Every structure is written in C-alpha cells, then in structure tokens.
Amino acid sequence: MSFCLPLRAELADGIKAIVNDKVITYQEVNDQVLPAVDVLRREYADQPGMFDQKYNDTLADGLETLIENQLILHEFATKYNPLPDSAVDDLVQERIKDRFGDRITCIKTLQAQGMTFEKFRQEVRDQYIISELRFRNLSGEKIIISPYKIETYYRLHQDDFKVGDEVKLKMIVLNKSSSDDTATRKKADEILADIKKGSAFDQLAALYSQDTQQQRNDWIEVSVLRKELADAVALLKPGQTTEVIETPDNCYIVRVVDVKPAHVKPLDEVRGTIESTLKAQEQKESGDRWIQSLKKKAYIRFF
C-alpha cells in the first residue's frame with residue numbers, strides 16, 4: 001500500500017525555516033525523518049489516517065531537532081574558538097574507520113548516496129560540536145536527587161514496580177533429535193525414576209542436562225516461562241519436582257527451589273533505578289531550558 005505524503009514534491013527544495021543566518025529546507029527535514037518515516041510506513045500500512053498523523057508529528061520533531069542543532073552551532077560559533085582542521089581530520093578518520101572501514105569505501109558509498117566528501121566532513125564536525133555542547137551544558141549542572149523525591153516517585157508509580165509470581169527453579173533439559181524422537185522421553189522417564197528413588201537432582205542435572213543456563217539459581221517470573229512449564233510449576237511447592245514435561249523440542253524435569261508470590265518490589269531494591277530515571281528527567285528539563293534560552297536570543301522564522 002502506498003501513501004500520498006503531505007509534503008508536495010515542488011516544495012522539496014523550498015525554505016522551511018531560517019535560524020539566525022542558516023536556512024533549513026523541506027528536503028533537509030525530509031532527510032532528517034526518513035528512517036522514522038520508513039518505520040511508520042510499515043507499522044501503519046493499513047491505517048493511512050494514523051500514518052498521516054504520525055508522519056506530521058515526526059516532521060515537526062525533525063524540524064525542531066534541526067532548529068536546535070543550528071542554535072547550538074551558532075552558540076559555538078559565537079562563544080568558542082573554531083575546531084582546528086587537524087581535530088576535524090581526526091574525527092573524520094575515526095568515523096571512516098567505524099562506519100566504512102577505509103577511505104576508498106567511504107568515498108564510493110558517499111558518491112552512491114549523492115553526498116560529497118566535504119559535506120560528510122562538515123556533518124562529522126557539526127555532530128561533534130552539537131554533542132559536545134549538549135554534554136557540557138548537562139555536566140555543568142550538578143543534579144542531586146533527594147531521598148524525598150525518590151520516595152515520592154516510588155509511591156506514585158507502584159504499578160511500575162509490580163512483579164508477578166516468581167520462582168527459583170532447577171531443570172534437567174534433554175533435547176530431542178527430531179519430532180519423532182522417543183528415546184529422549186524414555187531417558188527422561190529413567191532420570192525421573194532415579195530422582196524418585198532418592199538420587200540427587202543436582203548430580204543428575206550435571207550429568208544429563210543439555211542446557212546449563214537452566215541451572216542458574218535466579219528468581220524468574222512464572223509468566224515468562226513457556227506455558228507447559230508455567231502450568232506444571234504453578235501446582236508445586238518448594239522442594240517438589242514435576243513429572244516429565246514433554247514439548248516438541250525437549251523433555252524437562254523441573255524442581256521448584258523457592259516461590260515468591262506477586263508483590264511490589266521494595267524501595268531499597270529499586271532506589272537506584274528511580275534515581276537514574278529522575279536524573280534523566282532533570283537532565284532533559286535542563287537541556288530544554290538551555291535550548292529555550294538560545295531561542296530567546298535567536299532569529300527564527302518559519303515558512
């Protein structure tokens with residue numbers, strides 16, 4: 001299914017905005033959002049109305065990003081010394097190595113994309129400046145999250161920290177060689193019989209299990225287990241062992257080590273996560289304030 005994009009072809013090279021002395025064209029906005037638009041086109045292939053809405057939102061976000069970039073570049077040009085050519089050359093060489101491998105491949109790829117090497121060099125320089133100034137702006141403001149803010153966030157976001165029923169399990173996993181493999185089930189039955197006679201589960205697991213990852217003694221939510229395992233485990237208490245659980249690919253014998261009912265994670269367990277979340281929020285707010293301060297002293301015109 002194809003879409004008629006809202007932007008008319010004849011406006012592709014027209015002026016969308018001016019920031020100080022720099023022009024932002026419709027084509028630059030299109031280029032900025034192209035990867036996101038490709039995703040939207042696939043995601044909303046059968047919803048043209050929703051696609052148009054998301055597309056327009058994406059265009060607005062792309063334009064805002066380009067405006068912010070020009071504000072930052074203007075701030076750099078008016079407050080800082082220019083980057084030495086040697087520093088830009090080093091940045092370009094690093095980008096070539098990471099993205100293309102060598103200079104010849106880089107030039108050929110750029111040519112295929114209709115981009116000159118000088119344009120590529122300018123983009124590398126600008127991206128570095130934008131990233132560096134954003135970082136300096138954030139690092140210059142020390143962010144301290146108080147215990148009160150953390151506790152308040154925890155109280156207001158209890159649903160974010162809910163955990164379903166959890167279990168600690170030990171497993172013996174035998175892989176089937178094919179869909180009609182009966183020998184694996186027979187072997188699993190023999191191992192289970194040994195367990196019932198009193199043989200140590202851990203020793204049999206070490207001897208026979210073909211999935212060592214299943215021996216980790218971690219808490220795991222029952223809801224993330226495959227259905228056959230979840231259904232069997234739900235009926236057991238700590239220390240009990242399932243019968244052989246057969247699936248198209250494997251045979252399982254599972255022992256329940258411990259059970260933890262659904263609960264909300266305690267504050268001490270999630271304090272670090274909350275602090276990181278709040279710091280990220282304050283950093284964004286700080287960055288937004290900085291951009292707003294740049295806008296106040298800039299000339300911005302839309303077309």
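The values are calculated or read from the model by the stated rules, or taken from the named source; none is laboratory data. Small disclaimer: the values here were computed from a predicted structure and weren't measured. Methodologically, a virtual Cβ is constructed for each residue, glycine included, from the backbone with ideal geometry; neighbour enumeration extends over all protein chains shown. These area figures cover heavy atoms from the full protein model, side chains too; ligands, DNA and RNA do not enter into them. Shrake-Rupley method; radii C 1.70, N 1.55, O 1.52, S 1.80 Å.
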Can residue 240 be described as modelled with pLDDT under 90 and under 30 Å from residue 195 (Cβ atoms)? no
Working carefully through the options 183, 232, 206, 200, find the one that is among the small types (Gly, Ala, Ser) and touching a strand residue (DSSP E or B) at 6+ places or on another chain (Cβ under 6 Å). 232
Going residue by residue through the stretch 170-180, is there one that turns out to be at pLDDT 90 or above and closer than 30 Å to residue 273 by Cβ? yes
Picked from the stretch 75-90 (must be assigned to a helix (DSSP H, G or I) and over 32 Å from the mean Cα position of the chain (by Cα)), the residue surrounded by the most Cβ atoms within 10 Å (Cβ to Cβ) is 77
Residue pairs, Cβ under 8 Å, 6 or more apart or interchain, first in the stretch 3-24 and closer than 16 Å to residue 37 by Cβ and among the polar types (S, T, N, Q), second modelled with pLDDT under 95 and open to solvent by less than 40 Å² (accessible area, probe 1.4 Å). List them. none
Single unsatisfied condition, residue 281 versus (1) polar (S, T, N, Q); (2) within 22 Å of the chain's Cα centre (by Cα); (3) farther than 30 Å from residue 137 by Cβ: (3)
Residues satisfying the stated conditions in the stretch 131-177, i.e. exposed (fewer than 12 other Cβ atoms within 10 Å of the Cβ), of a type in the set (S, T, N, Q) and more than 24 Å from the chain's Cα centre (by Cα): 146, 177
Being modelled with pLDDT under 95, touching a Leu at 6+ places or on another chain (Cβ under 9 Å) and open to solvent by less than 60 Å² (accessible area, probe 1.4 Å) is the filter here; which residues of the stretch 259-290 pass it? 286, 287, 290
Do we have residue 194 as open to solvent by 70 Å² or more (accessible area, probe 1.4 Å), more than 38 Å from the chain's Cα centre (by Cα), over 28 Å from residue 273 (Cβ atoms) and not hydroxyl-bearing (Ser, Thr, Tyr) here? no
Does residue 72 satisfy being modelled with pLDDT of 95 or more, surrounded by 11 or more Cβ atoms within 10 Å (Cβ to Cβ) and outside any loop (DSSP other than H, G, I, E, B)? yes
What strands (runs of 3 or more DSSP E) lie completely within the stretch 188-303 and have 2 or more residues being over 30 Å from residue 134 (Cα atoms)? 219-221, 250-260
Out of curiosity, is residue 54 surrounded by 17 or more Cβ atoms within 10 Å (Cβ to Cβ), in contact with a Leu (Cβ under 9 Å, 6 or more places away or on another chain) and either part of a helix (DSSP H, G or I) or not small (Gly, Ala, Ser) (or both)? yes
If you go through the stretch 178-191, how many residues are touching an Asp or Glu at 6+ places or on another chain (Cβ under 9 Å), open to solvent by less than 70 Å² (accessible area, probe 1.4 Å) and among the polar types (S, T, N, Q)? 1
When you scan the stretch 173-199, how many residues do you find that are of a type in the set (A, V, I, L, M) and more than 13 Å from residue 254 (Cα to Cα)? 2
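Give the stretch 197-235 a look and list any residue that's open to solvent by 40 Å² or more (accessible area, probe 1.4 Å) and either of a type in the set (A, V, I, L, M, F, W, C) or more than 39 Å from the chain's Cα centre (by Cα) (or both), or say none. It would help to see each step written out before you state the result.
First, pick out the residues of the stretch 197-235 that are open to solvent by 40 Å² or more (accessible area, probe 1.4 Å): 197-200, 202-203, 206-208, 210-221, 223-224, 226-228, 231, 234-235.
Scanning the stretch 197-235 gives 197, 198, 199, 200, 203, 206, 207, 219, 220, 224, 234, 235.
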